Amino acid sequence: AWYVPCLASLETLQELCRKENLRCKSIGITNRSLKSYEVEYLCDYKVEEGKAYYLVKWKGWPESSNTWEPRKHLNCPLLLQNFLRDKNEYLSRGREGKALKVRNRVKALKPAIADYIVKKAKQRIALQRWKEELNRKKNHKAMILVENTVDLEGPPLDFYYINEYKPAPGINVLSGITTGCECADCPAEKCCPKEAGFILAYNKRKKLKIQPGLPIYECNSYCRCGPDCPNRIVQKGTPYSLCIFRTSNGRGWGVKTLQKIKTNSFVMEYVGEVITSEEAERRGQLYDNQGNTYLFDLDYDSDEFTVDAARYGNVSHFVNHSCDPNLQVFNVFIDNLDLRLPRIALFSTRTIKAGEELTFDYQMKGSIDLTSESAEGLSPSKKRIRTVCKCGAVCCRGYLN
């Protein structure tokens, strides 16, 4: 389905709801906000006759209803902290390499400062709502956090979270598999990987033990084994809490782990729209002009299909490129044994510390069996315009493509 963003502002929608006595939790109009006043954020500050006043934006009320309130009327310590932090952040920004001295005893804020404070407050609310939306839609237990301490950028306007492939019309990402292993305790002699002619991908600690280029065959929905089977890893979803954060060096959004990740551990799956290579070529013409790199060729066996994560995807949509990455791509087959449509899983190549950014190589060097005559590498769709790489690695190649 295609979505059209609402052209009305949040304030306009709130005002309409209030006028018609309607409730809408998603935009902050509840029974409580209809009958009472709650501070949503603080907009401005002034001192009159020795008394401090704050301009208050009331939750669920339009900005036209903002009022000046004395400090003693405000019981919102966290919002006051945010206000002061945002003010000091603006004032202490360097000018020609020299930091400005923050003056706390002011009688009124300059319009530019108040405007910045309001924008930061609106951004904070928008990012919080986005975080809540992401965590509602995800199908795994680990949390997704959102963080931007760099600029005023809010959530992407044209991105929709999905947990699995979204096939374009005419593409079937499920092969209609009707059989599974009969193992009571996987792995056994006739477990799924061996039936496909490969070895089990995981060891007893559920860590990857195969080399890049070899496929992973997990047990499927028809297998006799239960959910605790050691051959069910990717299908359980991301096991680590992750944070989508704004990078400070112009790379847009990135993803960092909030937990330590051991070597050869499954981290996340790369999902998006599954489209034909012909459609990918058409979209690629548009994406090149924007510098986007979301087209990922499914060329494990052929090059008929591509995953486009530009509009639909999961956390992997925000993972940046690095010429020295800590994630590696593997092809996975579970409920679909069609070699043209593998699932794409990202595994750690080394121990990753909590707080460290997650990256993978968009060219995917070493992701496939380089001795194969038919494979040219699992890589994002070929670009027509060279994109400068900002990964900062010692071995940086200079370009993403």
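The values are calculated or read from the model by the stated rules, or taken from the named source; none is laboratory data. Remember, predicted model here, so these are calculated numbers, not experimental data. Cβ coordinates were reconstructed from backbone atoms using ideal geometry, including for glycine residues, and neighbour counts include every protein chain displayed. Just so you know, the surface numbers come from the protein's heavy atoms only, side chains and all, with ligands and any DNA or RNA stripped out. Shrake-Rupley method; radii C 1.70, N 1.55, O 1.52, S 1.80 Å.
Only one of the numbered conditions (1) part of a loop (DSSP other than H, G, I, E, B); (2) buried (at least 22 other Cβ atoms within 10 Å of the Cβ); (3) at pLDDT 80 or above is violated by Phe347, and that is (1). Exactly one residue out of Ser316, Ser367, Ser374, Ser381 is modelled with pLDDT under 90, crowded, with 20+ Cβ neighbours inside 10 Å, within 28 Å of Asn231 (Cβ to Cβ) and not aliphatic (A, V, I, L, M): that is Ser367.
Exactly one residue out of Trp61, Trp68 is assigned to a strand (DSSP E or B) and open to solvent by 30 Å² or more (accessible area, probe 1.4 Å), and it is Trp68. The set of residues in the range 134-160 being in a strand (DSSP E or B) and open to solvent by less than 60 Å² (accessible area, probe 1.4 Å) consists of Ile144, Val146, Tyr160.
Note on the range 185-199: residues that are surrounded by 16 or more Cβ atoms within 10 Å (Cβ to Cβ), under 33 Å from the mean Cα position of the chain (by Cα) and hydrophobic (A, V, I, L, M, F, W, C) total 1. The one condition from (1) over 30 Å from Leu341 (Cα atoms); (2) modelled with pLDDT under 95; (3) open to solvent by less than 80 Å² (accessible area, probe 1.4 Å) that Asp115 does not meet is (2). Taken as a whole, the condition of being touching a His at 6+ places or on another chain (Cβ under 6 Å) and either open to solvent by 30 Å² or more (accessible area, probe 1.4 Å) or at pLDDT 50 or above (or both) applies to Tyr362. Residues that are open to solvent by 10 Å² or more (accessible area, probe 1.4 Å), farther than 28 Å from Val394 by Cβ, modelled with pLDDT of 85 or more and in contact with a strand residue (DSSP E or B) (Cβ under 7 Å, 6 or more places away or on another chain) occur at least once in the range 330-340.
Among the residues here, Leu258 does not qualify as in the same structural domain as Val332 (by the TED database), over 12 Å from the mean Cα position of the chain (by Cα), at pLDDT below 95 and of a type outside the set (Phe, Trp, Tyr). Screening Tyr270, Tyr202, Tyr222 for residues that are open to solvent by 30 Å² or more (accessible area, probe 1.4 Å) and not small (Gly, Ala, Ser) leaves exactly one candidate, Tyr222.
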